[in-house]
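Note sheet for the following structure.
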Amino acid sequence: MIVEEARGIFSVPHSAAEGKNVIVLGQKAAVAIDVGAYPEEGRQMADFIRERGYTPNRVIITHGHRDHILGGEDFLGADVYGPRKTVEEIQRQIPGLAKQMGLSEEQIDARILHPTITFENQLWIDLGNRQLHLFPTPGHSPDIVSVYISDCRLLVASDTVVTGIVPAIFHSSAALEASIQRLRQLDIETLIPGHGPVLHGQAVVRDWLNWTSSYIGGVRSAVRSMIAAGERDRAAILASISYDEHVGGRLPVHKHGMPKRHRNAVGKIADEEMTAKCCGWA
Ligand SMILES: [Zn+2]
């Protein structure tokens, strides 16, 4: 169900782990933020934009992961705003996606919504009565950006902040912590995450940002103490940094392969710590 989360800003659910795309309506134009993984997911966004009297000709891609870029068939030919790094990120992923989906690289390439208007550090998009501020929040991936809309103090966090799954760290846990620290400086009344329930209310938003960074920090210090105590077996580290202790009731354990997502986060942080110490795994 498409939900109006703040005046003229709508969350649009998609199929990947309670995924959320977004539509922003302004005086001059409407903008879709991410398009999901399947053409029908982007299509419901384009249809909604048309129903509201706009043309579906502007899209923001927050980063180059499949569940954000593959549903854009109905937006082909639109202005696609995206970080410059996303262009490289997409190229890097095409061979893997082709294999996963049993299609040729050309077929995958044709389905992807490629950024046509790229930027390095930040970008402002002016919709007349409101401005969208795009800025980097790396950590989940190297290329990812968040979108802040100050007139209603709303943050589209993409996968930098997820509320329905354990944080997925493909790039760097330290970068992700720094990005969350940056988000904590913003005045946020509503936060639309990349996956999971939308958060309303400053206190609720603050609490979730705090929990996310304490989860990452907590896992890292547990990893560090084990390494400091001489542990060199990755599997032993994965087994002893438990879901119950570090996630517990914060997220529903039975959904979205949650314990595996926790193990992935622990594994990534353990790898980072072992590389930092230049000793590698036994
Ligand atoms: Zn992602």
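Read the figures in this text as sums done on the coordinates, not as results from a lab. Being a predicted model, the structure only gives us computed values, none of them experimental. Neighbour counts are summed over all protein chains in view; Cβ atoms, including those assigned to glycine, are modelled from backbone coordinates with ideal geometry.
Quick notes on this one:
- Over region 196-282 - Rg/Rh using Cα atoms and the Kirkwood inverse-distance radius: 1.03
- Semi-axes of the equivalent ellipsoid of region 113-157 are 19, 14, 8 Å, computed as sqrt(5λ) over the eigenvalues of the C-alpha gyration tensor in descending order.
- Gain on full stretching of the segment that runs from residue 203 to residue 253 - 0.36 nm per residue minus C-alpha separation: 15.6 nm
- Looking at region 91-130, the GluC sites (Glu not before Pro) that sit in a DSSP loop and have at most 16 other Cβ atoms within 10 Å of their own Cβ are 120.
- Computed extension gain for residue 92 through residue 182, at 0.36 nm per residue and net of the alpha carbon distance, reaches 29.6 nm.
- For the chain, convex hull volume per residue from C-alpha positions, Å³: 132
- Contact order relative to length of the chain, as percent, for alpha carbon pairs under 8 angstrom and 6 or more apart: 13
- What you get for the chain, charging only the Cβ of Lys and Arg (+1) and of Asp and Glu (-1), is a dipole of about 500 debye around the Cα centre.
- Tilt relative to the chain, helix 258-276 - C-alpha long axis, 0 to 90 degrees, to 10: 70
- P(r), alpha carbons of region 102-183 - 5 Å bins starting at zero, rounded %: 3, 13, 18, 19, 17, 16, 9, 4, 1
- Once the gyration tensor of the Cα atoms in region 1-139 is diagonalised, the equivalent ellipsoid follows with semi-axes of 24, 17, 13 Å, ordered largest first.
- Across the chain, the longest piece that holds none of the trypsin sites (Lys or Arg not before Pro) lying in DSSP loops with up to 15 other C-beta atoms within 10 Å covers 53-231.
- Theoretical FRET efficiency, 1/(1+(r/R0)^6), r = Cβ-Cβ of residue 211 and residue 55, R0 41 Å, to 0.05: 0.55
- Difference of contour (0.36 nm per residue) and Cα-Cα distance, residue 235 to residue 105: 43.3 nm
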